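S.K.: The structure follows.
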Amino acid sequence: MRKFFYFIVLIIIYLGCTKDSGGMSGNTSQPSDPGSSSVIPTNLTLDISLKGQQENPHGDGSGIVYITASANNASYYNFRFENGDSFNSQDGNLTYTFTEPGLNQYLVTVLAFSPTNDYDSISKPILIRVSPPSVDGRDLVWSDEFNYDGPLDSSKWHHQVIPIFGENWANGEQQHYTDRLDNSYVSDGTLKIVAKKEQYIFRGITKNYTSARLNSKYAFKYGRVDIRAKLPSEQGTWPAFWTLGANINEIGNYFGSTYGNVGWPLCGEIDIMEQNGWNKNNLIGHIHWGDTNTGDYGNNGNNIQIQNASSEFNLYSLIWTESSIKILFNNQPFFEVDIVAGMPYNNLHYILLNIAMGGNLGGEIPTNFNSSTMELDYVRIYQ
């Protein structure tokens, strides 16, 4: 009986020793033929060109890129993108379209696979501009998507800091405007305009609040303006998105030295959005003008009550044609006026963005006010 037991144990040991025990390959993937040696692609290259790159280094706005990969011993290629898209190509060529509007950086990765299913990989970053789709049949002609960090793009914006009335700004406002990063900067995909309580001296004049007032360096006549923004919540702040005629001779503005030959209101003003300083969900659309024939002052406008001006991003728009001005909130018109003879709305205008403190529409500033921020996702002009 004991001999029989030893015999059974020997058989079990023999079978265990002769069984083929497969192990993990040291390569990234297993050969397709277990009997063959691994073949790893070599000399992998990746070339990426942008459509329209000869005219603009960031492309023509279509988002189209042409990608070519090449390697020795490669049977096919797999292209991968940060959004999860993945495509195979036998010849190493791929045309791909990026769709996120604005100037964005992406990482493109390619894996070259050999006949044994081993691979090598390489990645390359690209910086590409994608134009937003047309709106109301109008094409984008100018924008800032704020997809960078740090100071504002100085090729697009001018900081207006010199008070227009010597020591003061209009309407009883109480701030100094500055060009400091403390009051305007770009981060995490949005422009921040910050109004602060602080003593600040400019040209010998001390004020207790600072903020920023921006002029676009682009002037336009007719079209659509879209500004997506979240407004400040603190009382006493008076934020605005508006336009002035580029022919205004206002001190310190961007276009005054080039076009300025009339004062306000003969230049014309369009208020796309003004937020009430004591009722933060009350928004105003308004126009002011001086009659070009008589010089008489005129104004017209409307307001709208909403629920989320300071807690959510909303879309503020202007549609300006040869015959009318229309102001919209989230694509819903709430003020429209016809342009008639004598109204100065057939000349170039530029965009202004600012937060004023106090004044006619800002009202009383609370004693415990410290700071308040307005965020802008983008500013776009279509024609």
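S.K.: Looking at segment 279-300 only, could you name the residues that are within 29 Å of the chain's Cα centre (by Cα) and either farther than 25 Å from residue 224 by Cβ or not hydrophobic (A, V, I, L, M, F, W, C) (or both)?
M.R.: Start the filter on segment 279-300 by keeping residues that are within 29 Å of the chain's Cα centre (by Cα), which leaves 279-287.
279, 280, 281, 282, 285, 286 - these are the residues of segment 279-300 that are within 29 Å of the chain's Cα centre (by Cα) and either farther than 25 Å from residue 224 by Cβ or not hydrophobic (A, V, I, L, M, F, W, C) (or both).
S.K.: Right, next: Name the single residue, out of those in segment 58-86 being touching a residue at least 60 places away in the same chain (Cβ under 8 Å) and within 19 Å of the chain's Cα centre (by Cα), that is surrounded by the most Cβ atoms within 10 Å (Cβ to Cβ).
M.R.: At the first step, the residues of segment 58-86 found to be touching a residue at least 60 places away in the same chain (Cβ under 8 Å) are 58-59, 61-63, 65.
From what is left, the residues that are within 19 Å of the chain's Cα centre (by Cα) are 58-59, 61-63.
Numbers: 58: 15, 59: 23, 61: 17, 62: 15, 63: 19.
So the residue we want is 59.
S.K.: Go through (1) out of contact with any Phe, Trp or Tyr (no Cβ under 6 Å at 6 or more places or on another chain); (2) in a strand (DSSP E or B) and name the single condition residue 345 misses.
M.R.: (2)
S.K.: Condition (residue is touching a residue at least 60 places away in the same chain (Cβ under 8 Å) and surrounded by fewer than 19 Cβ atoms within 10 Å (Cβ to Cβ)) applied to segment 318-335: is it met by at least one residue? Please lay out each step first, then the result.
M.R.: Looking only at segment 318-335, we keep the residues that are touching a residue at least 60 places away in the same chain (Cβ under 8 Å), and these are 318-322.
From what's left, surrounded by fewer than 19 Cβ atoms within 10 Å (Cβ to Cβ): 321-322.
The answer is yes, given that some residue of segment 318-335 is touching a residue at least 60 places away in the same chain (Cβ under 8 Å) and surrounded by fewer than 19 Cβ atoms within 10 Å (Cβ to Cβ).
S.K.: A follow-up question, please. Given the structure, is residue 344 of a type outside the set (Gly, Ala, Ser) and more than 19 Å from residue 264 (Cα to Cα)? Working first, answer last.
M.R.: On the way: of a type outside the set (Gly, Ala, Ser): yes; more than 19 Å from residue 264 (Cα to Cα): no.
Spelling it out, it is not the case that residue 344 is of a type outside the set (Gly, Ala, Ser) and more than 19 Å from residue 264 (Cα to Cα).
S.K.: Would segment 307-325 turn up any residue that is more than 27 Å from residue 278 (Cβ to Cβ), at pLDDT 95 or above and of a type in the set (D, E, K, R)?
M.R.: Yes, there is a match, as at least one residue in segment 307-325 is more than 27 Å from residue 278 (Cβ to Cβ), at pLDDT 95 or above and of a type in the set (D, E, K, R).
S.K.: Answer yes if at least one residue in segment 155-178 is surrounded by 13 or more Cβ atoms within 10 Å (Cβ to Cβ), in a loop (DSSP other than H, G, I, E, B), of a type in the set (A, V, I, L, M, F, W, C) and in the same structural domain as residue 67 (by TED's automatic domain parsing), and no otherwise.
M.R.: no
S.K.: Out of curiosity, is residue 339 surrounded by 21 or more Cβ atoms within 10 Å (Cβ to Cβ) and modelled with pLDDT of 95 or more? Show your work before the answer.
M.R.: Working: surrounded by 21 or more Cβ atoms within 10 Å (Cβ to Cβ): no; modelled with pLDDT of 95 or more: yes.
No; evaluated as a whole, the condition is false for this residue.
S.K.: Tell me which residues, restricted to segment 116-143, are surrounded by 15 or more Cβ atoms within 10 Å (Cβ to Cβ), within 20 Å of residue 55 (Cα to Cα) and not small (Gly, Ala, Ser).
M.R.: Matches in segment 116-143: 126, 128, 129, 130, 132, 140, 142.
S.K.: Output the strands (runs of 3 or more DSSP E) that fall wholly within segment 233-329 and possess 1 or more residues being charged (D, E, K, R) and under 20 Å from residue 357 (Cβ atoms), or say none. If you could, list the steps in order and put the result at the bottom.
M.R.: Values: elements: 237-245, 269-275, 282-290, 297-305, 314-320, 324-329.
Once the strands (runs of 3 or more DSSP E) in segment 233-329 are filtered for at least 1 residues that are charged (D, E, K, R) and under 20 Å from residue 357 (Cβ atoms), what remains is 269-275.
S.K.: Are there strands (runs of 3 or more DSSP E) fully within segment 36-130 with at least 1 residues that are among the aromatic types (Phe, Trp, Tyr)? List them. So that I can check it myself, show each step before the final result.
M.R.: Numbers: elements: 42-50, 64-72, 76-81, 86-89, 93-97, 102-113, 119-130.
Filter on segment 36-130 gives 64-72, 76-81, 86-89, 93-97, 102-113, 119-130.
The values are calculated or read from the model by the stated rules, or taken from the named source; none is laboratory data. Just so you know, these numbers come straight off a predicted model, no measurement behind them. A quick note on method: Cβ atoms are made from the backbone with ideal geometry, for glycine too, and the neighbour counts reach across all protein chains shown.
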